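To start, the structure itself, in C-alpha cells.
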Amino acid sequence: MAKQITLALKDNAGNIVAQYNINTAGSAVHIQAVEGVYYQITDQATGIGPDSIITDRVEDNLLISFDDGTDVVIENYFTQGQGALVGTQMDGGLFDYPVA
C-alpha cells in the first residue's frame, strides 16, 4: 500500500530549509544533501514517523525505503555532513533512525 511521506530538511533551530512530499508508489525522489540540517520523516496519514525505515549506502548516496523499493535518494549524504534521520513521536518528540 502506497504511503504519503513528508521529508523536511531542518536547521538546528528547527526551521524548515526544504520540504519534499513523497508518494511511495512513485519513482524515487532524488534530493541533494545539505550540510548542517537534519532530515525529519513524517507519515502524512498518522502525523508521526514510520515505525521503521530501510537505509542503504551506494557510493556517497543514502537510499531510504519506506516499503518495497527505494523511495528517496539523498545524493552526496556521506560527504555533506551526514545529518540525522529522525521521525516524530506521538508526544511530539523526535527519535533517530539508524543509518546504513
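Structure above, values below:
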read-out: Qualifying position, being in contact (Cβ under 8 Å) with a residue 12 or more places away in the chain and in contact with a His (Cβ under 7 Å, 6 or more places away or on another chain), among Val73, Val86, Val29; value: Val73
read-out: Hits in segment 14-33 (condition: surrounded by 12 or more Cβ atoms within 10 Å (Cβ to Cβ) and of a type in the set (Ser, Thr, Tyr)); value: Tyr20, Thr24
read-out: Among the residues listed as Gly36, Gly69, the single one being open to solvent by 30 Å² or more (accessible area, probe 1.4 Å), in contact with an Asp or Glu (Cβ under 9 Å, 6 or more places away or on another chain) and part of a loop (DSSP other than H, G, I, E, B); value: Gly36
read-out: Residue match in segment 75-90 (condition: open to solvent by 30 Å² or more (accessible area, probe 1.4 Å) and either in contact with a helix residue (DSSP H, G or I) (Cβ under 6 Å, 6 or more places away or on another chain) or under 17 Å from Asp43 (Cβ atoms) (or both)); value: yes
read-out: Residues of segment 56-66 satisfying the condition of being open to solvent by less than 60 Å² (accessible area, probe 1.4 Å) and either part of a loop (DSSP other than H, G, I, E, B) or farther than 18 Å from Gln4 by Cα (or both); value: Asp60, Asn61, Leu62, Phe66
read-out: Which numbered condition Thr46 misses (of (1) within 21 Å of Pro98 (Cβ to Cβ); (2) open to solvent by less than 80 Å² (accessible area, probe 1.4 Å)); value: (2)
read-out: Failed item, numbered, when Phe78 is tested on (1) closer than 13 Å to Gln4 by Cα; (2) not in a strand (DSSP E or B); (3) not acidic (Asp, Glu); value: (1)
read-out: Close pairs from segment 1-14: first touching a residue at least 40 places away in the same chain (Cβ under 8 Å), partner open to solvent by 60 Å² or more (accessible area, probe 1.4 Å) and aromatic (Phe, Trp, Tyr), Cβ under 9 Å, at least 6 apart; value: Ile5/Tyr20; Leu7/Tyr20; Leu9/Tyr20
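The values are calculated or read from the model by the stated rules, or taken from the named source; none is laboratory data. Keep in mind that what you see is a predicted model, and the values were worked out from it rather than measured. Using ideal geometry, Cβ is built from the backbone for each residue, glycine included, and neighbour counts are taken over all protein chains shown. Only protein heavy atoms, including side chains, enter the accessible area calculation; ligands, DNA and RNA are left aside. Shrake-Rupley method; radii C 1.70, N 1.55, O 1.52, S 1.80 Å.
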